[in-house]
Every structure is written in C-alpha cells, then in structure tokens.
Amino acid sequence: MVIITEFKMKVAVLVLAIFGSAFAASIGNDVEIPPFRHLELDPIRPSEEPSRRPHLRIINGYEVVPHSINYQAYLVARSSSGAWSCGGSLITNRYVLTAAHCVDGATSIQVTLGAHNLRNAASGQVTVSASTWTMHPRYNSRTIDNDVAVIRLASNVGLTRGIGLSRLPRRSDVGVNLVGRTGRVSGWGLTSGSGSGSNVLLAVNNTVISNVECNSHYGVVRREEICLSGAGGRTSCNGDSGGPMIVGNKQVGIVSYGSRGCPAGAPSVYVRVTKFLDWIQSNSDWRAS
Ligand SMILES: *[C@@H]1O[C@H](CO)[C@@H](O)[C@H](O)[C@H]1NC(C)=O
C-alpha cells in the first residue's frame with residue numbers, strides 16, 4: 001500500500017485517493033505501472049502511529065509462488081486525466097471481478113493474466129482489452145458502499161496452468177461465519193521507499209475479524225463488507241484494490257478500502273462476495289453453484 005496523502009485525522013471522512021503521477025512509473029520496455037487506485041477511510045480513533053510522512057512500503061507481504069494464484073488479474077485503466085492500476089480476479093474465461101472504484105471513470109481498461117513478474121512477461125501471459133464493465137448500480141464513491149464491478153473481456157481467455165479461475169463462494173457458503181479464519185490477499189504493491197511498483201506478485205495473510213471489531217476502527221463497515229485484522233503489522237495495503245481475498249480456496253473478498261496512513265494494526269476492508277453472488281451472476285456469465 002502506498003500512502004501519499006498527509007495524515008489528517010477527520011472522523012469518518014471518506015477520501016478517494018488516486019495516487020499522484022509522481023508514482024507513475026514505467027518499468028521494463030513496455031510494461032507500465034501506473035499509480036494504484038485505492039480508497040481510504042479515516043479511522044474513528046486516532047491511530048497509535050500517526051505519520052505525516054508518506055508510507056511507501058509493503059507491509060510484511062511475501063512473494064507468492066509464481067502462478068500459484070493463477071486467477072490474479074492486473075488491471076491498467078485509463079481516462080482523460082491519467083492511468084491507474086488495480087487488481088482483479090478471473091471468474092470465467094470472459095469476466096473479471098474487481099472493485100467498482102477501479103473502473104469508475106475509466107475510458108479503457110487492459111487486463112493482464114498469467115503474470116508474476118511485471119518486468120518479465122511470463123510465457124503464456126496475456127493482456128486483453130476490456131470490452132465493457134459494469135459497476136454495481138448502488139456503488140457510492142463517497143461511502144464506498146457496494147464497491148464491486150465486473151469487466152467483460154473483448155475475447156475469451158484460454159485457461160492454462162498459469163491462468164485459472166477464481167472460485168467464488170457457493171450459495172451454501174452465504175452466511176457462514178469466517179471470523180477467526182485466515183484470509184490471504186494478493187497484489188502488486190510498491191516496494192519500500194523506492195516508489196516503484198513491486199515487480200512480483202505479493203500476498204499477505206491475516207485473520208478475518210468481526211464487523212463489530214472492524215467498526216471499532218472505522219464505524220461505517222456494513223454487512224456487505226468483511227475485514228481482515230491488521231495484526232502483526234500485516235495489512236492488505238500491499239494489495240491492489242480490486243484484487244482477491246481468499247479464505248480456504250474461495251474468494252470471499254475484493255480489496256476495497258483501508259485506513260488512511262496505513263497505520264500498523266489498522267484492519268482492511270473488502271467487499272463481502274457472498275452478498276453479491278446474484279449481482280455477479282446477473283451481470284456476467286458466471287453462475288453460482
Ligand atoms: C497464507 O494463506 C494461504 C491460503 O490460505 C496459505 O496457503 C499459505 O500457506 C499462507 N501463507 C503464510 C505465509 O501464512
């Protein structure tokens with residue numbers, strides 16, 4: 001997670017932070033690493049470690065075994081005012097699941113699959129244009145409610161060892177309590193201090209906490225959201241928005257927002273996928289089971 005906003009404590013102020021062009025970087029010959037797009041929410045309690053400095057760091061993430069998260073997508077979205085990057089997950093050979101704030105305002109989106117090191121394209125890595133994308137109709141950029149979107153690819157993606165499908169929850173998983181289980185979130189973060197993108201896919205694991213506990217930090221977490229603890233200084237802040245959070249072998253979350261300043265211990269908040277199975281099914285060719 002990159003934080004380039006000055007830390008300011010305001011209660012329940014929602015900020016759309018589109019990271020500045022200073023952090024846009026081009027690595028390699030042709031791979032662009034635009035700034036991340038990430039939503040942030042000020043906690044309702046002062047952080048223990050407020051900082052007025054930008055944090056440019058990945059917080060206790062680890063490099064994943066290449067292609068072990070073979071449904072992980074890397075998105076580059078563009079608009080007339082610039083480009084930004086996000087994560088996503090391939091849910092069928094035609095559709096990618098992501099956060100609404102990742103596609104909001106985009107005029108074009110490129111989706112890369114089968115990647116591990118963005119600096120060295122893997123054999124079998126593909127980049128496909130999006131043909132269309134659909135944000136949840138009740139997505140609210142101010143409150144970050146219903147932060148879910150699907151992207152339709154211009155062509156089908158062939159499934160290979162390096163490109164696979166995310167498993168979304170089954171209908172029978174709706175309502176299952178995940179508190180205390182381990183979640184894993186993945187994405188291409190920024191490396192410490194350098195301000196350039198992480199070349200390799202990173203992940204971080206932490207414990208699912210209850211919304212009540214999460215709300216002791218944020219106050220506005222809804223039933224349609226699910227939180228991971230920030231214990232041990234491990235935070236999803238290193239993951240791109242829109243990327244997958246899994247518990248067991250199922251994607252139960254979509255990276256949505258975190259605490260401004262990314263203070264150690266702050267929980268991170270995800271779209272709760274079980275609340276959107278019908279919407280995803282209605283807006284893609286994915287079918288719930
Ligand atoms: C993280 O979680 C994943 C998925 O549950 C698991 O396979 C992996 O062993 C965990 N890694 C660490 C470092 O805890």
Less than 13 Å Cβ to Cβ from Y71, Lys/Arg counted +1 and Asp/Glu -1: what total charge do the surrounding residues give?
+4
Whole-number percent relative contact order across region 72-150, with pairs defined as alpha carbons under 8 Å at least 6 apart:
29 percent
Highest to lowest packing among 70-76, 253-259, 156-162, scored as the average C-beta count within 10 Å
253-259, 70-76, 156-162
Enumerate the calculated ³J(HN,Hα) couplings along region 70-85 in order (Karplus 6.51 cos²θ - 1.76 cosθ + 1.60, θ = phi - 60°), each rounded to whole Hz, writing x wherever the residue is Gly or Pro.
7, 9, 5, 10, 10, 10, 10, 10, 10, 9, 5, 9, x, 10, 8, 10
Find out how many positive minus negative residues lie around I91, taking Lys and Arg as positive, Asp and Glu as negative, among other residues whose Cβ is under 13 Å from that of I91.
+4
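Here, each number is a calculation from the coordinates, and none is a lab measurement. None of the values given here were measured: they were computed from a predicted structure. FYI the Cβ positions are ideal-geometry reconstructions off the backbone, even for glycines, and counts take in every protein chain you see.
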